[in-house]
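I have placed the structure first, in the form of structure tokens, so that the comments after it can refer back to it.
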């Protein structure tokens, strides 16, 4: 497909921005998980199939886990964001929409095993891959690229309210710094996956199973 990188980036960003409308109105957990997985998989496939996307992502497809640097960034990001994320509740503003309560073991298992990793992969590909390269191609300074991409990343979590937008924006800055420092998306993808497993899936499993274990 002959799409320019800016067009591809826009097409991949828009679904994330409008997806939260669905979070406001949907009520059935299985439908929510299915729609999320299809959306994220579509974005990933589009980014990897379109030549402009492949060219943008190729420099970030290294294997940082051959060194301790990538592992260190993954562990550090995970701990920092998991420990800091509860601060969102101290920021004024209520969420407008949220994911439905997990009420089915099979769907929650699918979300944990496939959905959450797809969320992390798709968001890192778009925010720290396509958006980053698009802005860099326009001559933006890395600091401005980091701030703009991170704010966009925060805004596509808008249904969670101001606190959620603020914390995801800060998280986006940390993810982008990681990408710049390591030259790869993989440490950020790994950390993003671990963070969502802890802050989302772990809590959902506790609620579904009726247990009360600490989440940080």
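Considering only residues that are outside any helix (DSSP H, G or I) and surrounded by fewer than 18 Cβ atoms within 10 Å (Cβ to Cβ), which ones fall in the range 133-192?
Answer for the range 133-192, where residues must be outside any helix (DSSP H, G or I) and surrounded by fewer than 18 Cβ atoms within 10 Å (Cβ to Cβ): 138, 139, 140, 141, 183.
Assess whether residue 119 counts as being closer than 25 Å to residue 144 by Cα and either at pLDDT 90 or above or under 17 Å from the mean Cα position of the chain (by Cα) (or both).
The answer is yes for residue 119.
Name the single residue that is modelled with the lowest pLDDT among those in the range 5-23 being touching a helix residue (DSSP H, G or I) at 6+ places or on another chain (Cβ under 6 Å) and either within 25 Å of residue 108 (Cβ to Cβ) or outside any helix (DSSP H, G or I) (or both).
So, considering only residues that are touching a helix residue (DSSP H, G or I) at 6+ places or on another chain (Cβ under 6 Å) and either within 25 Å of residue 108 (Cβ to Cβ) or outside any helix (DSSP H, G or I) (or both), the one modelled with the lowest pLDDT is 23.
When you look at residue 2, is it out of contact with any strand residue (DSSP E or B) (no Cβ under 9 Å at 6 or more places or on another chain) and part of a helix (DSSP H, G or I), yes or no?
no
For residue 115, indicate whether it is part of a helix (DSSP H, G or I), in contact (Cβ under 8 Å) with a residue 40 or more places away in the chain and farther than 22 Å from residue 46 by Cα.
Here the answer is no, as residue 115 does not meet what is asked.
Just name the residue that is nearest to residue 166 (Cα to Cα) out of those in the range 61-100 that are at pLDDT below 80 and under 16 Å from the mean Cα position of the chain (by Cα).
If we take residues in the range 61-100 being at pLDDT below 80 and under 16 Å from the mean Cα position of the chain (by Cα), then 98 is nearest to residue 166 (Cα to Cα).
The values are calculated or read from the model by the stated rules, or taken from the named source; none is laboratory data. As the structure is a computational prediction, the values presented were derived from the model and not from experiment. Cβ sites come from the backbone with ideal geometry, for glycine too, and all protein chains shown count toward neighbours.
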